[in-house]
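A quick write-up on the structure given underneath.
The values are calculated or read from the model by the stated rules, or taken from the named source; none is laboratory data. In this text the structure is predicted, and so the values were computed from the model without any measurement. We place every Cβ from the backbone using ideal geometry, glycine too, and count neighbours over all the protein chains shown. Heads up: the accessible areas ignore ligands, DNA and RNA and are worked out on the full protein's heavy atoms, side chains in. Shrake-Rupley method; radii C 1.70, N 1.55, O 1.52, S 1.80 Å.
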Amino acid sequence: QVQLVESGGGLVQAGGSLRLSCAASRSIFSINAMGWYRQAPGKQRELVAIFGSGSTTNYADSVKGRFTLSRDNAKNTVYLQMNSLKPEDTAVYYCNAVVITITSTGMDYWGKGTLVTVSP
């Protein structure tokens, strides 16, 4: 079982910056993939950015050049630095982790989310 706790959300003006944190309950070395999704009101949850194997990164086209993933292995934490925020970035941001089990089943773990609100 992996517990994920997000923090860092809040209210920010358009053009501002925010850094989200996702702290995992165990070493992130044991996690196969870890990153962020978001869900805006009335919208489907969408991938924002994710670390894959070998620390490869994938970003949604809408955030490329503005958002940056990073990690602190000692703190078992993944960060999402969000710059040049836009009102359309407003959403609940969820940390996600995928762990491949012995049976090769991918197990998904989710944080409870942190709200990011970007005002015009």
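Some notes on this structure:
- If you wrap the Cα atoms of the range 36-83 in a convex hull and average its projected area over all directions, you get 4.0 nm².
- Assuming charge only on the beta carbon of Lys and Arg (+1) and of Asp and Glu (-1), the dipole of the range 7-105 about its Cα centre is about 100 debye to the nearest 20.
- Cα shape, the range 67-110, gyration tensor, a/c 1.5 rule: oblate
- Cα gyration tensor shape of the chain, rounded if a/c is under 1.5, else prolate or oblate by comparing a/b with b/c: prolate
- Full-stretch length increase - Thr117, Ala14 - with 0.36 nm per residue and alpha-carbon distance subtracted: 36.1 nm
- Carbon and sulfur %, accessible surface of the chain computed with the full protein complex present, 1.4 Å: 51 percent
- Site pair Gln44 and Val5 shows an inter-label distance of 3.3 nm when each label is modelled 7 Å from Cα along Cα→Cβ.
- The chain - percent relative contact order, Cα under 8 Å, separation 6 or more: 36 percent
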